[in-house]
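The next block holds one structure in the form of structure tokens; read it before the comments.
The values are calculated or read from the model by the stated rules, or taken from the named source; none is laboratory data. Quantities reported herein were computed from a predicted structural model and do not represent experimental measurements. All Cβ positions, even for glycine, are placed from backbone atoms using ideal geometry, and neighbour counts span all protein chains on display.
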């Protein structure tokens, strides 16, 4: 089991473009989003909705994102799927280990995230629970079934934007 952390994962330009795209899609109003209701109920529990939008694999944004991810991680993206996740207020994921994947990548996009806003990434290391505060362009690569969870986004936190992909 391995957890790798990356500062400044994407170029500044790509990170800003991904955040701008996430906001545009949310505000435009005519795009279809999937939700966490399609997930296994054991990792939804009583979470508020998490919205997801898969980047169009024909787009330049997708190609650049994929290139930067696969160059840095050195793993092929599973099912050619890179998604923007919209973590709404009171959304979270309970403890799980991504059992159907060999690895998962999360890249945080928000320009700022206050420690009082929740949305922490939690993981267990030698039975000790550790927490990581989301910050812009910070990435976490989990491999080998690390038990992890997130704390709920607090009411004053707004939407937490991430890029998610699996390996």
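A few comments on the model shown:
- Out of 130, 136, sole residue that is in contact with a strand residue (DSSP E or B) (Cβ under 7 Å, 6 or more places away or on another chain) and assigned to a loop (DSSP other than H, G, I, E, B): 136
- Residue match in region 104-112 (condition: over 21 Å from residue 54 (Cβ atoms), in contact (Cβ under 8 Å) with a residue 12 or more places away in the chain, in contact with a strand residue (DSSP E or B) (Cβ under 6 Å, 6 or more places away or on another chain) and surrounded by fewer than 19 Cβ atoms within 10 Å (Cβ to Cβ)): no
- Qualifying residue in region 70-83 (condition: closer than 18 Å to residue 20 by Cβ and either surrounded by fewer than 18 Cβ atoms within 10 Å (Cβ to Cβ) or out of contact with any strand residue (DSSP E or B) (no Cβ under 7 Å at 6 or more places or on another chain) (or both)): yes
- Within region 1-28, considering residues that are assigned to a loop (DSSP other than H, G, I, E, B) and more than 16 Å from the chain's Cα centre (by Cα), the one farthest from residue 101 (Cα to Cα): 11
- As a summary of the residue check, residue 31 satisfies the conditions (1) over 27 Å from residue 96 (Cβ atoms); (2) in contact with a helix residue (DSSP H, G or I) (Cβ under 9 Å, 6 or more places away or on another chain); (3) surrounded by fewer than 15 Cβ atoms within 10 Å (Cβ to Cβ); (4) modelled with pLDDT of 95 or more except for the one numbered (4).
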